[in-house]
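The values are calculated or read from the model by the stated rules, or taken from the named source; none is laboratory data. Given the structure is predicted, the values throughout are model-derived calculations rather than measurements. For neighbour counting, all protein chains shown are included, and Cβ atoms are generated from backbone atoms with ideal geometry for every residue, glycine included.
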Amino acid sequence: MMDFSKVYQFLNSAKNILCITHTAPDLDGISSMLAFYQAFKDFPLQSVTPSESKDEEKRNFILLLEDIPRKAYYLPGIEAITKVEDLSTNIHPELLIVFDAHCPKRINEKVLSFFNRPRFAIIFDHHHREACEPFAEEQIELIDPSSPSTTALLFDFFTFTNMPITQEVATLLLFGLYYDTGGFRYENVSARTFEMASQLVKLGASPSAVANAIYSNRTLGEVNLLKSALNRMKLLKDGKVIITYLTKEDFERYGKELDDLASFFRDVEGVMLSILVKELDYDHISVSLRSKPPYPCLPLAKEFRGGGHAYACGFRVRSQSLEEVIKLLEEKISQLEFGR
């Protein structure tokens, strides 16, 4: 069990709290932010029990994202999120809480530019550790790469501290758990994962509502992006690798909302590694990597200063063209060895 006791020390020392997650925020990071906020928004300063007095001073939370992805609008309480474009002045938090990331380089630059370095920070994350500068002068890191999602870490935190879990919070926790396990299909799933999901359902979360929100709401734009990626896919290493790409023009035509297309290609029979290269703009390339055991793709991502999970990760590069990045990746792929 992780040591959650110090979290309250930081919470009780801060009135102004900023919550953030990684760039290109996903449902695990956003659900974690919202669940924590819902659990603690009514807690008074210098207390670990809900306030019954309206006169007691409350904490001020800001939940900040560079943008809100379309599927996040299915999350309960999403209206609590503030977008960077809606801010007019910088934020001066006493406490920063980072969800689903633990390095400043994984945070959107616009988000980072809107707040000053705080004294305290709390990190909730389940990605593999990487060397990086701290967010704050004093920092608590609750990082467990064996956890199936960041919302799973929060579930353990709430359970350890006897925090009441409402139906809304249970739904948010299940959203993150279901999303980051690919509907309980990935290697990060264990018996404990299902026990956790069972408890969340007993607390009022609806598995069908969560699954439908995540997987049954593709837009026509997403379908067209998939069509473009299918038309450009290339098979390498005797069909064990698929690499494909999307251009800036694709995103301008069909929108930037896309399902986890890298996983779609990884799931093709016989494929062990899929690579989706996305041209976000003409000097900013994002690459998503997905693989199947026993071939982790994280080492490849780390060659480009990327990160993530063993079998689901990525990286970003700048000042290189789409063609240059694809050529470099194909050279790297040619050096990989896959068993028969």
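Tabulated results
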| item | result |
| --- | --- |
| Single residue of THR166, THR161 found to be touching a residue at least 60 places away in the same chain (Cβ under 8 Å), among the polar types (S, T, N, Q) and surrounded by fewer than 14 Cβ atoms within 10 Å (Cβ to Cβ) | THR161 |
| Single residue of the stretch 75-119 satisfying the filter (assigned to a helix (DSSP H, G or I) and in contact with a Phe, Trp or Tyr (Cβ under 8 Å, 6 or more places away or on another chain)) that is farthest from PHE155 (Cα to Cα) | VAL84 |
| LEU225 vs. criteria of a type in the set (A, V, I, L, M), in the same structural domain as LYS327 (by TED's automatic domain parsing), under 21 Å from CYS313 (Cα atoms) and modelled with pLDDT under 95 | no |
| Subset tally (residues that are of a type in the set (D, E, K, R) and either touching a helix residue (DSSP H, G or I) at 6+ places or on another chain (Cβ under 8 Å) or not in a loop (DSSP other than H, G, I, E, B) (or both)) for the stretch 13-35 | 2 |
| Where ILE140 falls short, out of the listed (1) of a type in the set (A, V, I, L, M, F, W, C); (2) surrounded by 15 or more Cβ atoms within 10 Å (Cβ to Cβ); (3) in contact with a Ser or Thr (Cβ under 9 Å, 6 or more places away or on another chain) | (3) |
| Complete set of residues in the stretch 311-340 that are under 17 Å from MET233 (Cβ atoms) and surrounded by 16 or more Cβ atoms within 10 Å (Cβ to Cβ) | LEU322, VAL325, ILE326, LEU329, ILE333 |
| Residue within the stretch 121-131 that is part of a strand (DSSP E or B), over 19 Å from the mean Cα position of the chain (by Cα) and touching a residue at least 60 places away in the same chain (Cβ under 8 Å) present | no |
| Some residue of the stretch 57-73 being surrounded by fewer than 17 Cβ atoms within 10 Å (Cβ to Cβ), under 25 Å from ASN188 (Cβ atoms), in the same structural domain as LEU27 (by TED's automatic domain parsing) and modelled with pLDDT of 95 or more | no |
| 1 or more residues in contact with a Gly (Cβ under 7 Å, 6 or more places away or on another chain) and among the small types (Gly, Ala, Ser): qualifying strands (runs of 3 or more DSSP E) within the stretch 213-307 | 284-291 |
| Those residues of the stretch 215-229 which are touching a residue at least 60 places away in the same chain (Cβ under 8 Å) and closer than 12 Å to TYR254 by Cα, in sequence order | THR219 |
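So that you can scan it fast, the table gives a plain yes or no per residue for (1) surrounded by 17 or more Cβ atoms within 10 Å (Cβ to Cβ); (2) within 22 Å of GLU323 (Cα to Cα):
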residue: LYS248; (1), (2): no, yes
residue: GLU257; (1), (2): no, no
residue: GLU269; (1), (2): no, no
residue: LYS278; (1), (2): yes, yes
residue: ARG290; (1), (2): yes, yes
residue: PRO294; (1), (2): no, no
residue: CYS297; (1), (2): yes, yes
